[in-house]
Amino acid sequence: MQAWHKDDLVPNRECGECQACCIVTAIDKPEIQKMANSPCRHSLCGGCDIYESRPPVCREYYCGWRRMDLFPDSWRPDRSGLFFELEAGQPPPFQSMGISIMLVGNPLKSIRQPDFIDFVARNVRSKVALFLGIPGPKGKQAARLPLNNSEVVEAATQSRAELRTAMEKILKRLQGHTFISYQMENSGQDTST
Ligand code: SF4
Ligand code: SF4
């Protein structure tokens, strides 16, 4: 989990019932630890049951959908199956801000959405570094691959069908990945379920 400040959140956009970040992300701080792809035990009743006293790492975290209006309103992670995080510091020739896309719902359904395919095409053509990922089993690191390979770049200039096929190939590779355990540095406050 990477912290961001609330200064520049997209107006009128709220988390609502979404809890994707409380499930998918690994948290490894002295005050709280949670394994990747494991619901935090504070999230089990819907919403955070320690909301008022939740630790800073939770208080300061917002996913990409909360932070940037280049993701449409309808793409709240629990509804779209698309969980975005922004990744600053990408090297040339890419724009400095890259985007990680974790498939947290039905992965095939998510990547076949026409507006998602168009989003990928637009950003690949604009040299935004995109990374496609799927969560691993509980406690394992996610699998992810760059989307800006030559096949995707070429397909992004052709048609939705070509780009969908190229992304489906990447998804297949992700699904064949050998997931690696995440080694926690902190202990004693594990909220994994
Ligand atoms: S994933 Fe985003 S929208 Fe969902 S709860 Fe976390 S910050 Fe809110
Ligand atoms: S403490 Fe609350 S905000 Fe933090 S991960 Fe758990 S449920 Fe989510």
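Values in this text are rule-based calculations from the coordinates and carry no lab data. Remember, it's a predicted structure, so these values are computed and weren't measured experimentally. Because the Cβ atoms are built from the backbone with ideal geometry, glycine has one as well, and the counts that use them run over all protein chains shown.
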Segment Arg59-Ser96, length gained on full extension (0.36 nm per residue, minus Cα span): 10.8 nm
Ranked Arg112, Arg164, criterion: other C-beta atoms within 10 Å, fewest first: Arg112, Arg164
What full-extension length gain, to one decimal in nm, is calculated for Arg125 and Asn106 as 0.36 nm per residue of separation minus the Cα-Cα distance? 4.3 nm
Evaluate E = 1/(1 + (r/R0)^6) for Arg173 and Leu70, where r is the Cβ-Cβ distance and R0 equals 22 Å; express this FRET efficiency to the nearest 0.05. 0.25
List, in the order given, every pair from Lys34/Lys109; Lys34/Lys140; Lys34/Lys172; Lys109/Lys140; Lys138/Lys169; Lys127/Lys172 whose Cα-Cα distance in the structure shown is over 21 Å. Lys34/Lys109; Lys34/Lys172; Lys109/Lys140; Lys138/Lys169; Lys127/Lys172
Return the percentage of antiparallel bridges among DSSP beta bridges fully within region 6-175, rounded to the nearest 5 %. 75
List, largest first, the extents of the alpha carbons of region 88-145 along their principal axes, each in whole Å. 34, 28, 13
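Taking the mean number of other Cβ atoms within 10 Å as a proxy for protection, how do you rank 72-80, 167-175, 48-56 from highest to lowest?
In decreasing order of mean packing, 72-80, 167-175, 48-56 become 72-80, 167-175, 48-56.
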Could you work out, for the chain, what percent of all Cα-Cα pairs fall into each 5 Å distance bin, beginning at 0 Å and stopping at the bin that holds the largest distance? 1, 8, 15, 20, 20, 17, 11, 6, 2, 1, 0
Distance between modelled label sites at Glu14 and Asp118, nm, 7 Å Cα→Cβ extension: 2.9
Within region 152-193, find all residues whose amide N lies under 13 Å from a label point positioned 7 Å from the Cα of Leu44 along Cα-to-beta-carbon. 191-193
Sort out for me the Cα centre separation of region 142-190 from region 35-107, rounded to whole Å. 17
